[in-house]
1. From the list Val232, Val240, exactly one residue is open to solvent by less than 60 Å² (accessible area, probe 1.4 Å), among the aliphatic types (A, V, I, L, M) and either in a loop (DSSP other than H, G, I, E, B) or farther than 20 Å from Gly162 by Cβ (or both). Which is it?
2. Kindly check whether there is at least one residue in region 78-89 that is in contact with a Gly (Cβ under 8 Å, 6 or more places away or on another chain) and at pLDDT 95 or above.
3. Run His159 past the list (1) assigned to a loop (DSSP other than H, G, I, E, B); (2) under 16 Å from the mean Cα position of the chain (by Cα) and report the number of the one that doesn't hold.
4. Quick test for you: out of Gly116, Gly190, Gly168, pick the one residue that is small (Gly, Ala, Ser) and within 11 Å of the ligand (Cβ to nearest atom).
5. What is the number of the single condition among (1) closer than 26 Å to Pro205 by Cβ; (2) outside any helix (DSSP H, G or I) that Gly20 does not meet?
6. If you check every pair at least six apart or on different chains, which have Cβ atoms under 6 Å apart with a residue in region 90-104 that is over 11 Å from Tyr10 (Cβ atoms) first and a residue that is among the basic types (Lys, Arg) second?
7. Filter region 26-49 down to the residues that are in a helix (DSSP H, G or I) and under 10 Å from Phe70 (Cα atoms) and list them by number.
8. As an exercise: evaluate Ile200 against (1) within 12 Å of the ligand (Cβ to nearest atom); (2) open to solvent by 10 Å² or more (accessible area, probe 1.4 Å) and give the number of the one condition it does not meet.
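The values are calculated or read from the model by the stated rules, or taken from the named source; none is laboratory data. Note that the structure is a prediction, hence the values are computed from the model and not measured. Glycine also receives a Cβ, built like all others from the backbone with ideal geometry; neighbour counts cover every protein chain displayed. Side chains are part of the model used for accessible areas, which takes the heavy atoms of the whole protein and leaves out ligands, DNA and RNA. Shrake-Rupley method; radii C 1.70, N 1.55, O 1.52, S 1.80 Å.
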Amino acid sequence: MITKEQADFYQENGYLLVKGVFKADEVETMRRAMDGIIERAASTTLDHNAAWQGDYLPPEELKKLVLKGFHDVHYHDASFTRALCHPNMVSILSMLIGPNVQLHHSKMLVKPPENGAAFPMHQDQPYFPHDRHTMMAASVHLDDTDEENGCLCVVSGSHKEGPIAHVGRHFLNHQEYPISMGTPCPAKAGDVLFFNYLTIHGSGPNRSDRTRRNVLFQYRDAEDAPSENTHVNWGQGLMVCGQNPIFKAYTGAH
Ligand SMILES: O=C(O)CCC(=O)C(=O)O
């Protein structure tokens with residue numbers, strides 16, 4: 001699915017956009033799955049606005065922003081289980097991470113039209129630090145994205161800087177790291193943006209009249225151990241490619 005040159009580009013720049021990983025009907029199935037999750041969540045006390053806060057906009061502007069975000073979507077709909085170990089994903093992951101790849105977690109992010117929330121620039125590393133930094137996100141696009149509806153932006157090569165201190169672990173100081181410093185990565189539905197968890201990234205608000213839906217899978221090398229006992233979920237460590245070289249009893253932690 002990808003060439004050696006593309007894999008080298010990822011190692012050098014810390015990100016890679018791969019076109020057409022999912023077909024139109026697979027994308028449509030995931031869109032419907034997302035709608036179902038939103039509908040079922042709405043009838044519970046677990047529904048919430050997941051918009052990140054910060055100081056990249058005045059407080060009254062921030063209050064208007066909305067993000068529908070739920071974690072571990074593969075526990076809610078099997079279409080995401082199929083997507084996270086889709087043969088195209090397996091082929092790409094084994095070239096970017098190595099032969100033995102595990103899932104860490106999944107989540108869905110829906111930026112509604114007009115007021116879909118931004119993500120201030122950040123690394124994902126502070127949320128779930130690992131020893132060898134093999135962790136990467138695969139952001140699967142379920143809609144076409146551009147700068148107007150808040151496409152992802154990445155800072156090329158920033159993964160080489162290593163972990164950077166974040167404001168309260170969450171995001172980088174926006175004066176020093178404005179969203180505008182990132183390279184916008186517009187994409188089509190079915191494309192996947194892979195980026196290392198040290199790569200500085202973020203996205204602007206959705207100011208368009210179009211929804212922006214992404215599902216994001218985090219993966220790691222099976223031998224890359226968590227440095228802290230954080231962001232743990234049941235079932236973490238599902239093998240997506242290859243074998244687990246470490247034989248141990250799985251208890252739910254890590
Ligand atoms: O999808 C986006 O726009 C950004 C998501 C993100 O940065 C994250 O979940 O860490």
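1. Val240
2. No, because not a single residue in region 78-89 is in contact with a Gly (Cβ under 8 Å, 6 or more places away or on another chain) and at pLDDT 95 or above.
3. (1)
4. That would be Gly116, the only listed residue that is small (Gly, Ala, Ser) and within 11 Å of the ligand (Cβ to nearest atom).
5. (1)
6. From region 90-104, the pairs are Gln102/Arg220; His104/Arg220.
7. Met34, Ile37, Ile38, Ala41
8. Failing condition for Ile200: (2).
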